[in-house]
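**Q** I am attaching a structure below and will ask some questions about it afterwards.
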Amino acid sequence: MFIANVYLGFAGAAGLLLILPGPTNALLMTAGATKPFRLALPLIPAELAAYALAITPLLLFHELLGSWRLIGGATMKTVAIVIILLVASRLWRSRPQNGAEPRLVTAASVFWMTLFNPKGLIFAFAIFPPLAGPADGVIKAALFGLLASLAGVVWISAGRLLSAGRLGSAWISKAAALILCGFAIYLAVSVVVDARLLVG
């Protein structure tokens, strides 16, 4: 019963964070709005690969990072701000026509956006640990992959539904750009707080 509760708690926390609006989900929503569903689905493996690459090293060297966690986190957030603003700018200026996919919504753009998504820090430092061993890590990784895939499908489907309504894909791209800008502002405030902690 205790073990089941541990994994239920992990699934609840991971699922909630994955489904919340963020830079990766904004791209998936835009992809769903501007391309056929079956063509948007291949973006999900790119998201999973990026999360694996971002989270695994942090988990493996969790105890060795020490005070470097704050510096590394601030660095990742700063890089994320730059990437987010660049993608937001392209989304805002994009003008999809006849349901064509904006060229920026590719597996590569989803991969890089996810790789520097600050959600990875939360997963690595707060949700995955503590790991009871290799088997525990494998189970949590499998649950994470399933939940991330489901969340990706939800956001792609949301984009499809919105594009089928009164909102055109161009407006959805602009809405995604605004979401990204809001997230960038949040990250900028977070970086300032981290900087004060480092100086103090």
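The values are calculated or read from the model by the stated rules, or taken from the named source; none is laboratory data. Bear in mind that the values here come from a model prediction, so they are computed numbers and not experimental data. Quick reminder, even Gly has a Cβ in these numbers, built from the backbone with ideal geometry, and neighbours come from all protein chains shown. Surface areas here come from the heavy atoms of the whole protein model, side chains and all, with no ligands, DNA or RNA. Shrake-Rupley method; radii C 1.70, N 1.55, O 1.52, S 1.80 Å.
Residues checked against (1) open to solvent by less than 20 Å² (accessible area, probe 1.4 Å); (2) modelled with pLDDT of 85 or more; (3) within 20 Å of Ala126 (Cβ to Cβ):
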position	(1), (2), (3)
Leu41	no, yes, no
Ala46	yes, yes, no
Ala54	yes, yes, yes
Pro57	no, yes, yes
Phe61	no, no, yes
Leu64	no, no, yes
Ser67	no, no, yes
Leu70	no, no, yes
Thr78	no, yes, no
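**Q** Is it the case that the range 161-170 has a residue that's open to solvent by less than 70 Å² (accessible area, probe 1.4 Å), assigned to a helix (DSSP H, G or I), at pLDDT 85 or above and in contact with a Gly (Cβ under 8 Å, 6 or more places away or on another chain)?
**A** No - not one qualifying residue is present in the range 161-170.
**Q** Identify the residue in the range 82-95 that is among the aliphatic types (A, V, I, L, M) and open to solvent by less than 30 Å² (accessible area, probe 1.4 Å) and, among all such residues, is modelled with the lowest pLDDT.
**A** In this case the residue turns out to be Leu91.
**Q** Please go through the range 8-23 and give me each residue that is closer than 23 Å to Ile185 by Cα, in a helix (DSSP H, G or I) and touching a residue at least 24 places away in the same chain (Cβ under 8 Å), ordered by number.
**A** Leu17, Leu18, Ile19, Pro23
**Q** I need a count of the residues in the range 133-160 that are out of contact with any Phe, Trp or Tyr (no Cβ under 7 Å at 6 or more places or on another chain) and either outside any helix (DSSP H, G or I) or aliphatic (A, V, I, L, M) (or both).
**A** 12
**Q** Between a first residue in the range 32-51 that is among the hydroxyl-bearing types (Ser, Thr, Tyr) and a second residue that is in a helix (DSSP H, G or I) and open to solvent by 10 Å² or more (accessible area, probe 1.4 Å), which pairs have beta carbons less than 8 Å apart while being 6 or more apart in sequence or on different chains?
**A** Taking only residues 6 or more apart or on different chains, the pairs are Thr34/Ser163; Thr34/Ser169; Tyr51/Phe144.
**Q** List the residue pairs whose Cβ atoms are under 8 Å apart, where the first residue sits in the range 104-131 and is charged (D, E, K, R), the second is surrounded by fewer than 20 Cβ atoms within 10 Å (Cβ to Cβ) and modelled with pLDDT of 90 or more, and the two are 6 or more positions apart or on different chains.
**A** What qualifies is Lys119/Leu17.
**Q** Right, next: Given Leu104, Leu115, which one is within 20 Å of Glu47 (Cβ to Cβ) and either modelled with pLDDT of 90 or more or of a type in the set (Phe, Trp, Tyr) (or both)?
**A** Within the list Leu104, Leu115, the selection yields Leu115.
**Q** Please count how many residues of the range 118-140 are at pLDDT 90 or above, in contact with a helix residue (DSSP H, G or I) (Cβ under 8 Å, 6 or more places away or on another chain) and open to solvent by 40 Å² or more (accessible area, probe 1.4 Å).
**A** Residues flagged as at pLDDT 90 or above, in contact with a helix residue (DSSP H, G or I) (Cβ under 8 Å, 6 or more places away or on another chain) and open to solvent by 40 Å² or more (accessible area, probe 1.4 Å) within the range 118-140 amount to 1.
**Q** Check Ala26 against each of (1) in a helix (DSSP H, G or I); (2) open to solvent by 10 Å² or more (accessible area, probe 1.4 Å) and name the one condition it does not meet.
**A** Against the list (1) in a helix (DSSP H, G or I); (2) open to solvent by 10 Å² or more (accessible area, probe 1.4 Å), Ala26 comes up short only on (2).
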